[in-house]
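Trainee: Mind looking over this structure? Questions follow.
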Amino acid sequence: MRDRGWIYSGLGLFLILVTYPFWQNLRAGVTSKGPDLRRPAEAKQCVMPVSYMRTSHMDLLASWRENAVRDGVRTFQSADGQTYNVSLSGTCITQCHASKEEFCDRCHNYASVSNYCWDCHVDPRQAHGSAR
Amino acid sequence: MILDRKSFLRLTGLSVLARKLVAAVTPKRWAMVVDARKCLQKEGCQKCIEACHRMHNVPAFAEPRHEVRWIWKEPFERAFPSQENLYSQAAFRDKPFPVFCNHCDNPPCVRVCPTGATWKRDDGIVMMDWHRCIGCRYCVAACPYGSRSFNWLDPRPRLTQMNAEFPTRTKGVVEKCTFCEERLARGEAPACVEACPEKAMVFGNLADPASEVRQLLGARYTVRRKPELGTRPEVYYIV
């Protein structure tokens, strides 16, 4: 049993490596709490029920985009019968959520989602002066 | 009422259908008539270009090979190379004519687009879907009027101010004039028409015999750019 030292240190190294992500997350202060989103201040009800938006807001945006650009349908009737302009910057951000950073980005960063929409669509907060 | 995914899709589908129906009942064919004599009245006037480019976040690149433009001025002999009448050319030589997408009735750019990112709408507008543009530049090569620009560089640093209501574009995407379809949808005239101090640009519905464009076309002699190519432009010039 002359290899005992090797075996235990190998096992120890293995354990450290396997559990490394946990320590890393502990150090970075990540919790299971989820992102701290800033809820819309003015708007009480979203264009669609929250449960739908949570799972399918990207589908909704995709159909907004198709309808507006390809079919010229630029208004949207929401679940509660209100009519909204189809506009990513104008309606989603300016009218409802007030801040892209504290709402969309916080959750996307948390979930490691990246979208390229804002390469073109303008975050109203950055509208003055050249962005980026 | 809680809307599920299915009824949501059904609703949006219905609203698209309803719109197509309305379009079928009241036909529209957008066109523009440019009165060159009015346009040439104020030398060096750039109002239409400024209004359009500010509204649509069109970047200003100094280098011609990077240039992005929706509306610009072209010397008469370059804008109308097929006008062979030597004497009328002398009067207009080097005079700047406002040019932009002709929204051709037979658009060559649409035929070559491999992704369907550009197409002819029922109301005559040659529309562009920036989301589907893959930057192949076939359309740039196909357009005989130079109306399409490619973003060789990131446009954002070249914008001194951004209009948040209209998206910019990115590097690798083609862009052009859309007759301000986003303004038409709100019942407003195109930005250039509104900005022109001489009212040299008249915009309207060709399908309506009482419209101002039809009145003008009926009463005045007009020319179109490069008619011999068979693209049938929907932009007419009174010279």
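Trainee: Which of the residues belonging to segment B:167-180 are more than 18 Å from B:TYR138 (Cβ to Cβ) and buried (at least 19 other Cβ atoms within 10 Å of the Cβ)?
Mentor: Of everything in segment B:167-180, those that are more than 18 Å from B:TYR138 (Cβ to Cβ) and buried (at least 19 other Cβ atoms within 10 Å of the Cβ) turn out to be B:PRO167, B:THR168, B:CYS177, B:THR178, B:PHE179, B:CYS180.
Trainee: With B:TRP119, B:TRP72 as the choices, which residue is in a strand (DSSP E or B) and farther than 17 Å from B:PHE150 by Cα?
Mentor: One residue alone meets the criteria, B:TRP119.
Trainee: Could you check B:MET127 against (1) in contact with a Gly (Cβ under 9 Å, 6 or more places away or on another chain); (2) open to solvent by 30 Å² or more (accessible area, probe 1.4 Å); (3) modelled with pLDDT of 95 or more and say which number it fails?
Mentor: Result: B:MET127 passes all but (2).
Trainee: Looking only at segment B:150-162, filter to residues that are within 14 Å of chain A (Cβ to nearest Cβ) and open to solvent by 20 Å² or more (accessible area, probe 1.4 Å); which one of those is farthest from B:ARG54 (Cα to Cα)?
Mentor: Taking segment B:150-162 as the starting set, the residues that turn out to be within 14 Å of chain A (Cβ to nearest Cβ) are B:151, B:153-162.
From the residues that got through so far, the ones that are open to solvent by 20 Å² or more (accessible area, probe 1.4 Å) too are B:153-154, B:157-158, B:160-161.
On the way: B:LEU153: 18, B:ASP154: 17, B:PRO157: 14, B:ARG158: 12, B:THR160: 9, B:GLN161: 8 Å.
Result: B:LEU153.
Trainee: Okay, moving on. With (1) open to solvent by less than 30 Å² (accessible area, probe 1.4 Å); (2) within 14 Å of another protein chain (Cβ to nearest Cβ) as the list, and B:SER147 as the residue in question, which single condition is left unmet?
Mentor: Looking at each condition in turn, B:SER147 falls short on (2).
Trainee: Also, quick follow-up: When you check B:GLU198 against the structure, is it closer than 22 Å to B:PRO98 by Cβ, part of a loop (DSSP other than H, G, I, E, B) and without any contact (Cβ under 8 Å) to a residue 60 or more places away in the chain, yes or no?
Mentor: no
Trainee: Taking segment B:95-116, which residues are of a type in the set (Lys, Arg) and either part of a helix (DSSP H, G or I) or within 14 Å of another protein chain (Cβ to nearest Cβ) (or both)?
Mentor: B:ARG111, the sole residue that qualifies.
Trainee: Let me ask something else about it. Taking only segment B:74-124 into account, find how many residues are small (Gly, Ala, Ser), out of contact with any Cys (no Cβ under 6 Å at 6 or more places or on another chain) and modelled with pLDDT of 90 or more. Steps first, answer last, please.
Mentor: Taking segment B:74-124 and keeping what is small (Gly, Ala, Ser), we get B:79, B:82, B:88, B:90-91, B:116-117, B:124.
Right, trim to out of contact with any Cys (no Cβ under 6 Å at 6 or more places or on another chain) and you get B:79, B:82, B:88, B:90-91, B:116, B:124.
Checking the rest, the ones that are also modelled with pLDDT of 90 or more come to B:79, B:116, B:124.
Within segment B:74-124, residues that are small (Gly, Ala, Ser), out of contact with any Cys (no Cβ under 6 Å at 6 or more places or on another chain) and modelled with pLDDT of 90 or more number 3.
Trainee: Keeping to segment A:98-131, report how many residues are in contact (Cβ under 8 Å) with a residue 24 or more places away in the chain and over 13 Å from the mean Cα position of the chain (by Cα).
Mentor: 6
Trainee: Moving on to the next point. Take B:PRO209 and tell me if it is under 22 Å from B:LYS73 (Cα atoms) and part of a loop (DSSP other than H, G, I, E, B). Steps first, answer last, please.
Mentor: Numbers: under 22 Å from B:LYS73 (Cα atoms): no; part of a loop (DSSP other than H, G, I, E, B): yes.
No, not satisfied.
Trainee: Are any of the residues in segment B:183-190 in contact with a Gly (Cβ under 8 Å, 6 or more places away or on another chain), open to solvent by 30 Å² or more (accessible area, probe 1.4 Å) and farther than 26 Å from A:CYS120 by Cβ?
Mentor: no
Trainee: Assess whether A:GLU102 counts as being part of a helix (DSSP H, G or I), open to solvent by 30 Å² or more (accessible area, probe 1.4 Å) and within 11 Å of another protein chain (Cβ to nearest Cβ).
Mentor: Against the criterion (part of a helix (DSSP H, G or I), open to solvent by 30 Å² or more (accessible area, probe 1.4 Å) and within 11 Å of another protein chain (Cβ to nearest Cβ)), A:GLU102 does not qualify.
Trainee: Would you mind stating whether B:LEU184 is closer than 20 Å to B:PRO98 by Cβ and within 14 Å of chain A (Cβ to nearest Cβ)?
Mentor: So B:LEU184 passes the test.
Trainee: Could I ask something else about it? Taking the stated definitions as given, is A:HIS108 away from chain B (no Cβ under 14 Å), at negative phi and modelled with pLDDT of 90 or more?
Mentor: yes
Trainee: When B:CYS133 is evaluated against the numbered criteria (1) away from chain A (no Cβ under 13 Å); (2) not in a strand (DSSP E or B), which criterion, by number, is the only one it fails?
Mentor: Checking B:CYS133 against (1) away from chain A (no Cβ under 13 Å); (2) not in a strand (DSSP E or B), the one that fails is (1).
Trainee: Conditions first: (1) surrounded by 18 or more Cβ atoms within 10 Å (Cβ to Cβ); (2) over 21 Å from B:CYS52 (Cα atoms). B:ARG232 passes all but one, so which condition is the exception?
Mentor: All conditions pass for B:ARG232, except number (1).
Trainee: With the structure loaded, tell me whether A:PHE14 is more than 23 Å from the chain's Cα centre (by Cα) and either under 20 Å from B:PHE166 (Cβ atoms) or more than 11 Å from chain B (Cβ to nearest Cβ) (or both) or whether it fails that test.
Mentor: Numbers: more than 23 Å from the chain's Cα centre (by Cα): yes; either under 20 Å from B:PHE166 (Cβ atoms) or more than 11 Å from chain B (Cβ to nearest Cβ) (or both): yes.
In short, yes.
Trainee: So which of A:TYR20, A:TYR116, A:TYR110 ends up being open to solvent by 50 Å² or more (accessible area, probe 1.4 Å) and closer than 27 Å to B:VAL173 by Cβ?
Mentor: Answer to the selection: A:TYR116.
Residue-by-condition table, conditions (1) within 11 Å of chain A (Cβ to nearest Cβ); (2) assigned to a strand (DSSP E or B); (3) closer than 13 Å to B:CYS192 by Cα:
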residue: B:LEU14; (1), (2), (3): yes, no, no
residue: B:ALA24; (1), (2), (3): no, no, no
residue: B:ALA31; (1), (2), (3): no, yes, no
residue: B:VAL34; (1), (2), (3): no, yes, yes
residue: B:HIS53; (1), (2), (3): no, no, yes
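Trainee: Let me ask you something else. Take B:LYS38 and decide whether it is over 20 Å from B:LYS176 (Cβ atoms) and touching a strand residue (DSSP E or B) at 6+ places or on another chain (Cβ under 9 Å). Steps first, please.
Mentor: Numbers: over 20 Å from B:LYS176 (Cβ atoms): yes; touching a strand residue (DSSP E or B) at 6+ places or on another chain (Cβ under 9 Å): yes.
Considered against the rule, which asks whether it is over 20 Å from B:LYS176 (Cβ atoms) and touching a strand residue (DSSP E or B) at 6+ places or on another chain (Cβ under 9 Å), B:LYS38 comes out as yes.
Trainee: Could I ask something else about it? Sort out which residues of segment A:63-84 are in a helix (DSSP H, G or I) and either among the polar types (S, T, N, Q) or open to solvent by 60 Å² or more (accessible area, probe 1.4 Å) (or both), and write them in order of number.
Mentor: Of everything in segment A:63-84, those that are in a helix (DSSP H, G or I) and either among the polar types (S, T, N, Q) or open to solvent by 60 Å² or more (accessible area, probe 1.4 Å) (or both) turn out to be A:SER63, A:ARG65, A:ASN67.
The values are calculated or read from the model by the stated rules, or taken from the named source; none is laboratory data. Note that the structure is predicted; figures quoted are calculated from it, not measured. Every residue, glycine among them, receives a Cβ derived from its backbone with ideal geometry; neighbour counts consider all protein chains shown. Ligands, DNA and RNA are excluded from the accessible area calculation, which covers all protein heavy atoms including side chains. Shrake-Rupley method; radii C 1.70, N 1.55, O 1.52, S 1.80 Å.
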